[in-house]
Amino acid sequence: MAELVFFSGTVDSGKSTLALQMNYNHSVRGRRGLIFTSHDRSGTAVLSSRLGLQHEAIEVDPQLDFWEEIVRRKTHGEAIHYLVCDEAQFYSPEQIEQLARLVDEMGIDVFTFGITSDFQTRLFPGSRRLLELADHVKPLQVEALCWCGKRATHNARTQDGVMVVEGEQMVVGDVDQRAATGYETLCRRHYMQRMTAGRARQIPETAELLPFDLPPV
């Protein structure tokens, strides 16, 4: 039976690497699939991993209708057994519903990969709909880490190295702290304290840090 599966994790938890591996595993068994992505860090129409791997992909823009796209391809004789959909948090709820319809009515496996919540800890619309509709939701086994060594659960956005909590939901960035707009994964405690690695380095190692002693934001 075909399934809609959502692989979720934070920034830097290996989502795109797993998406590429999933495509490879299915393709070497003779299955035919398509790769979709949206706003990849390397540009349009490409799925890239921070490990240096990449694969051409179909860019998902707001106008793309998954149902119509697959119907058109199959009508022209193209065999499609599965879809790999990266950066699914950027898809619209309607596009997620189209993916679910492909699973139910065409028997196509759909493997989606994405971030669950944004830099304000709010669910992305696409991720919310996936949580509601997916047959399986699977947290990624490779855990991103906070600078303190604990498991990272939150995505912090930084602007010129300073954590920000206001702005547009969808802003493309990377984990490179030298970038003007970047992202850093934090545990809940340090996210709530806005304690990025950069701010932590400003505190003497011998200091006993209490909540009211935090540097001003």
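If you take the residues in segment 1-19 that are among the hydrophobic types (A, V, I, L, M, F, W, C) and surrounded by fewer than 21 Cβ atoms within 10 Å (Cβ to Cβ), which one is nearest to His136 (Cα to Cα)? Once the filter is applied, the top-ranked residue is Val5. Within segment 100-131, restricting attention to residues that are more than 17 Å from the chain's Cα centre (by Cα) and assigned to a helix (DSSP H, G or I), which residue is surrounded by the most Cβ atoms within 10 Å (Cβ to Cβ)? Selected residue: Leu102.
Specify which of the listed residues (Gly114, Gly126) is in contact with a Cys (Cβ under 9 Å, 6 or more places away or on another chain), in contact (Cβ under 8 Å) with a residue 24 or more places away in the chain and under 16 Å from Ser8 (Cβ atoms).
Result of the check over Gly114, Gly126: Gly114.
Residue count for segment 146-182 satisfying the condition of being crowded, with 16+ Cβ neighbours inside 10 Å and at pLDDT 85 or above: 11. In segment 80-99, of all residues being outside any helix (DSSP H, G or I) and aliphatic (A, V, I, L, M), the one that is surrounded by the fewest Cβ atoms within 10 Å (Cβ to Cβ) corresponds to Ile80. Filtered by the rule that a residue be surrounded by 11 or more Cβ atoms within 10 Å (Cβ to Cβ) and part of a loop (DSSP other than H, G, I, E, B), segment 62-79 gives Leu64, Asp65, Glu78.
The values are calculated or read from the model by the stated rules, or taken from the named source; none is laboratory data. Computed from a predicted model, the values in this text were never measured in an experiment. For neighbour counting, all protein chains shown are included, and Cβ atoms are generated from backbone atoms with ideal geometry for every residue, glycine included.
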